[in-house]
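*Asks:* Below: one structure in structure tokens.
The values are calculated or read from the model by the stated rules, or taken from the named source; none is laboratory data. Since we're looking at a predicted model, the values are computed, not measured. So basically every Cβ, Gly included, is an ideal-geometry build from the backbone, and we count neighbours across all protein chains shown. Just the protein is used for accessible areas: all its heavy atoms, side chains included, with ligands, DNA and RNA removed. Shrake-Rupley method; radii C 1.70, N 1.55, O 1.52, S 1.80 Å.
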Amino acid sequence: HFIHPLTGIESTDRDVIRARIRKIRAAGFNFVRFHTRCEIPEFFEVADEEGLMCQPELPFYQSYPADGFNFDPFRDARELRDNFRRYPSFAVYSIGNEGSLGLPCMKALCRFLRETDPDRLVLAQDGGRLVTPETTDFETTPMTVWPRGSANPPRPFLAHEYLNLCVKADSRLEGKFTGVWQPPVSRAARAAWLEKFGLDLAFGDRLQNAQHAIQKYWQKYGIEAARA
């Protein structure tokens, strides 16, 4: 929800933000995660008004920073807390994306956040063996659809990368890219890849259509199963 292909960054226009948040709410969602980042204050202000809960995330991918700055998760946690704690829409702290900052560090960070901002939940990095009562307020569950009634954890649970199904970028959209984001796959590159296997672009396009169809049905089935 935070990809902005024309501008590259979030708009500060509250009407633009409000229109996007209302699309999220209309689709049946009441919670968003900011992947290895935090949104701007204007987003939180509108989220307060529109009833959208937010999960800002410390800028760590696995065990290293997601940008070119020094490793200091406690500094980042303090800045996040001090600058955004006044927004009711700020619902959950996330320590980072995938992997681990190390179990001792994650325990200390969780303890620090619980002591200094006890009204919010804390999420460790995504799941697995590092999800313990000392690192997070959540449980983890399978990444795929689970049988009804089989997931009944003692705490709220998250489904990490639930329904994740990778589909390559559609090279037919190359001409639609007019902003700061460039097409990840060009028609020429796709043609070169297919040619290695004796295939042409027409075959690749049929395969792309099939991928999109599979993803659509898989996500519809999975979301309905989760709601059940």
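*Asks:* Filter the range 130-175 for residues that are under 23 Å from Phe34 (Cα atoms) and outside any loop (DSSP other than H, G, I, E, B) and give the result.
*Replies:* Leu130, Glu139, Thr140, Thr141, Phe157, Leu158, Ala159
*Asks:* Let me ask another. Does Ala108 count as surrounded by 19 or more Cβ atoms within 10 Å (Cβ to Cβ) and outside any strand (DSSP E or B)? Explain how you work it out, then say what you get.
*Replies:* On the way: surrounded by 19 or more Cβ atoms within 10 Å (Cβ to Cβ): no; outside any strand (DSSP E or B): yes.
For Ala108, the condition - surrounded by 19 or more Cβ atoms within 10 Å (Cβ to Cβ) and outside any strand (DSSP E or B) - is not met.
*Asks:* Are any residues in the range 171-227 within 30 Å of Ala151 (Cα to Cα) and among the hydrophobic types (A, V, I, L, M, F, W, C), and if so, which ones?
*Replies:* Matches in the range 171-227: Ala213, Ile214, Trp218, Ile223, Ala225, Ala226.
*Asks:* Can you give me the number of residues within the range 12-38 that are modelled with pLDDT of 90 or more, open to solvent by less than 60 Å² (accessible area, probe 1.4 Å) and within 29 Å of Asp76 (Cα to Cα)?
*Replies:* Looking only at that region, the number is 8.
*Asks:* Would it be correct to say that Glu49 is modelled with pLDDT of 95 or more, within 30 Å of Phe177 (Cβ to Cβ) and open to solvent by 10 Å² or more (accessible area, probe 1.4 Å)?
*Replies:* So Glu49 does not fit the description; no.
*Asks:* Suppose we filter the range 136-167 for residues that are in contact with a Gly (Cβ under 9 Å, 6 or more places away or on another chain) and open to solvent by 70 Å² or more (accessible area, probe 1.4 Å); how many remain?
*Replies:* 1
*Asks:* Among the numbered criteria (1) more than 23 Å from Asp119 (Cβ to Cβ); (2) in contact (Cβ under 8 Å) with a residue 60 or more places away in the chain; (3) open to solvent by less than 50 Å² (accessible area, probe 1.4 Å); (4) of a type in the set (Ser, Thr, Tyr), which single criterion is violated by Ser100?
*Replies:* Condition not satisfied by Ser100: (2).
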